[in-house]
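S.K.: Below is a structure I'd like to ask you about.
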Amino acid sequence: MTPAELHQILARGEDSRHQFKRDFSNIDALAAELVAFANTCGGYLLIGVDDSGMVSGLSSADVARLNQLLSNAASQNVRPAINPLSSNIQTEHGLVMVVSVEQGLNKPYVDNQGRIWVKNGADKRRVTAREELQRLFQQAGLVCADAVPVAGSSVADIDAKALGEYFQRRFRQSPEQTGLATTRILENLGLASGDTPNLAGLLLFGLTPQRLCPAFDIKAVAFPGTVLHDRHYLDSEDIDGNLQEQYRRSLAFIKRNLHHVQRQQGFNTLGQLEVPEEVFEELLVNALIHRDYFVSASIRIMIFADRIELISPGHLPDVLDTEKIRFGLSNRRNPTLTSHAVHILPYRGLGTGIPRAIDAWPMIRLEDDRQSNQFKVVIQRAAGKGPLSGPSGDQAGTKSGPSRDQVGTESAAEGEQAETRLSLPQEQITLLCKMTGDHTAPELMTFVGRSNRSKFREQVLTPLLRLGVVEMTIPDKPNSSKQRYRLTATGRALKAEQRSSDD
C-alpha cells in the first residue's frame, strides 16, 4: 500500500475491508479483529489511525511491540492459525501499521475463547445463529446443506416409483433387477444416511417434501404495476412438490402471465413468449439447484408490468461475484443435488446457464445482495405491451384477461417494429436521445451523470452494445484509445420513436 492509497482509504472511512485502530494492547481484541477478517472477505487493519480517519501515528517502539503482539495473536490466539502480513507507512503524523489479512480457506476461524467473529459493515459481530454457523462450514467445504439428513423423514417419504424410473433411466436396469431395496439404492446414490433421506433425496424424490421442509418452495405473484407494495395482484401461487414439479409449475406460472408476441407469424398462431422461454428455463434451474438451503426461505418469482424478478435465498459464495458468473464461473454449493439434477432437470452443470440466458435476452441484471443474504435476477420485459389484466382464461379459471388470439392480433397490428421496441431503463433512453455522432466513453458518461466507468460499462453501455442499439467505431480493437461509440440503425429508429412518443 502506498501513501497515496492510504490517504484515499482514510478519506473514504471505515468499511467491511478497512478497520481503523489507534492502538492495541489486548491480544484478545486483536485476535478478534483477525478472526473477523479471515471469516469474511479479508481486509486491512490500519493501526495508528483513530475512528474518524485522522492519523494519530505510531513510534518505532510501538511498531516493534505491535509486531510481536500480532505474531502471538495470529499463531496462538486464532485457530486455525493465520498468516497476516504487515507493512509500515510513514506519514507526517507518524507511522501507520497496515496489517493485511486474507480471506481464510479453513473457515470458521475462532479466537482463544472459541468465539466466531465476522465483519458486520465496518464493525464485527459474534456468530451464534445455527444457520450462519452452517454456512461458514459450508464455505469451508466441511458440510453441504443438501447432504444433511432431514430429521423426522424416512424411506416412506420417498416416491419409490419416481426413484425407480430415475434409476432405470440412468443405469439402464430396474431396481428389481439389482435386487436392492429402496433404502440401499438411496444410500448408494448418496441420497440417504441409513434409513433417513437427506435433503437432496427428499427434494428430488420426496412425496411431499414441504411437509418436512416447508420453506423450500416457490412463492409466485404477478402484479399489475411496477411496485411490490401494490394492493392488488393478477395471479399468485404457492408452488410446492419435488424440484421437477416446482420447475414445471413455475415455468407455467411465468408463461401464463407474460404476453405472446406474433413476430411475423401466421395470424392464428399462438405466438412466441415476449421474453424467450429458454431464459426462464435456465434461471429457474439455477435458482433451484444453487440456492442456499441453509436459509429457511422460499424462492420468489415476482412479475411486474416492466420486469420479472427471480430471488433466491443466499448470496453468492465468497469466491464468486456477478461478473464471474456472467462469464460461466460456478461453485457447486449443493454437489449431491447437482450430480442428480443433471439427469432430471434441463441442467448441464457447466456454469453456462446464466451466460446462455443473457445471450438469449441481454436485458438481465444480476444483484448479489449480501446484506439481505439473497441473489436477485431482474429480467426486463419487452416494451409497448402494458400489464396483463390476468392470466388467460384457459389457464386461470374465472380470472379475466386477454386471450392468446387477442394478444396475437394486437401484436400483428404493431407490425415489424414489435421485435425492436425494447423496454430500456430511463438512463439508457436518455443516453440514446443525447447521442448525435461518435462519442467517447467519458462523453457518454456525462450524458447520464455517471462517474464510475466500470459500472457505467456494465450497467449502461454493454447492454446497449449487446442489443445492437449502439456500436463501436473500431470493433476489432475494443480497448483502443481512439474508440468511439455511435447509434446503429436500430438505435436511431428507437431514438426517433422515443421523440415521436414524447411529442
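S.K.: State which stretch of the chain is the longest one without any exposed chymotrypsin sites (Phe, Trp or Tyr not before Pro), exposure meaning a DSSP loop state and at most 16 other Cβ atoms within 10 Å.
M.R.: For chymotrypsin sites (Phe, Trp or Tyr not before Pro) (loop position, at most 16 other Cβ atoms within 10 Å), the longest site-free span of the chain is 1-232.
S.K.: Report the local net charge at A162: Lys and Arg +1, Asp and Glu -1, summed over other residues whose C-beta lies under 11 Å from its C-beta.
M.R.: -1
S.K.: Largest first and in whole Å, give the semi-axes of the stretch 145-207's equivalent ellipsoid, each being the square root of 5 times a Cα gyration tensor eigenvalue.
M.R.: Rounded to whole Å, the semi-axes are 19, 11, 10.
S.K.: Tally Lys and Arg at +1 and Asp and Glu at -1 over the other residues with C-beta under 13 Å from the C-beta of L46: what net charge comes out?
M.R.: -3
S.K.: How far apart, in nm, are the 7 Å Cα→Cβ label points at S174 and S296?
M.R.: Calculated label separation equals 4.1 nm.
S.K.: Compute from the Cα atoms of the stretch 426-502 the Rg and the Dmax, the latter being the longest Cα-Cα distance, and quote both in angstrom.
M.R.: My reading of the Cα-based Rg and Dmax gives 11.8, 36 Å.
S.K.: Based on a Kirkwood Rh over C-alpha pairs, give the Stokes-Einstein translational diffusion coefficient of the stretch 3-128 at 25 °C and viscosity 0.890 mPa s in µm²/s.
M.R.: The calculation lands on 171 µm²/s.
S.K.: Near K21, which lysines are there with a Cα under 24 Å away, not counting those fewer than 8 places off in the same chain?
M.R.: K21 reaches K119, K124.
S.K.: Another question about this same structure. So what is the 222 nm mean residue ellipticity for the chain from helices alone, if each DSSP H run of at least 4 adds -39500 (n - 2.57) and you divide by all residues, rounding to the nearest 500 deg cm²/dmol? Write down the numbers at each step before the final one.
M.R.: Numbers: 19 runs with 180 residues, N = 503.
My calculation for the chain gives -10500 deg cm²/dmol from helical runs alone.
S.K.: Right, next: From Cα pairs below 8 angstrom and at least 6 apart in sequence, can you work out the relative contact order of the chain, rounded to a whole percent?
M.R.: Values: 873 pairs, mean separation 49.7, N = 503.
Contact order relative to length: 10 percent.
S.K.: What size of dipole, in debye to the nearest 20, comes out for the stretch 426-502 about its Cα centre when the only charges are +1 on Lys and Arg C-beta atoms and -1 on Asp and Glu C-beta atoms?
M.R.: I would put it at about 180 debye.
S.K.: Then there is this: Viscosity 0.890 mPa s, temperature 25 °C: what is the translational diffusion coefficient of the stretch 164-289 from Stokes-Einstein with a Kirkwood Rh over Cα pairs, rounded to a whole number of µm²/s?
M.R.: Value of D from the Cα-based Kirkwood radius: 139 µm²/s.
S.K.: Hey, of [x] 87, 60, 49; [y] 86, 74, 46; [z] 63, 60, 47, which did the structure itself give for Cα extents along the principal axes in Å when calculated?
M.R.: Recomputing Cα extents along the principal axes in Å here gives the entry labelled [y].
S.K.: While we're here: Kindly state, to the nearest 0.05, the FRET efficiency for S25 paired with M1, given R0 = 22 Å and r defined as their beta-carbon distance.
M.R.: Here the calculated transfer efficiency is 0.35.
S.K.: Any idea how far apart S60 and T352 come out in nm if each label point goes 7 Å out from Cα toward Cβ?
M.R.: It works out to 6.2 nm between the two label points.
S.K.: Okay, moving on. In what sequence do H290, H259, H18 fall when counting other Cβ within 10 Å, fewest first?
M.R.: Least to most surrounded, the residues fall as H18, H259, H290.
S.K.: Want the number for E427 to D306: 0.36 nm per residue separation, take away the alpha-carbon distance, what's left?
M.R.: 42.1 nm
S.K.: Taking the Cβ of P313 as the centre, find all other residues whose Cβ is under 15 Å away and add up their charges (Lys, Arg: +1; Asp, Glu: -1). All intermediate terms of the calculation are to be shown ahead of the outcome.
M.R.: Details: positive: R135, K219, R291, R300, R333, R370, K376; negative: E131, E132, D146, D217, D292, E309, E367, D368, D369.
So the surrounding residues net to -2.
S.K.: Give me the distance in nm between label points sitting 7 Å out from Cα along the Cα-to-Cβ direction at D476 and A252, one decimal.
M.R.: Distance between label points: 5.4 nm.
Every read-out reported here was derived from the displayed coordinates using simple, explicitly stated rules and does not represent laboratory data. Computed from a predicted structure; not experimentally measured. For neighbour counting, all protein chains shown are included, and Cβ atoms are generated from backbone atoms with ideal geometry for every residue, glycine included.
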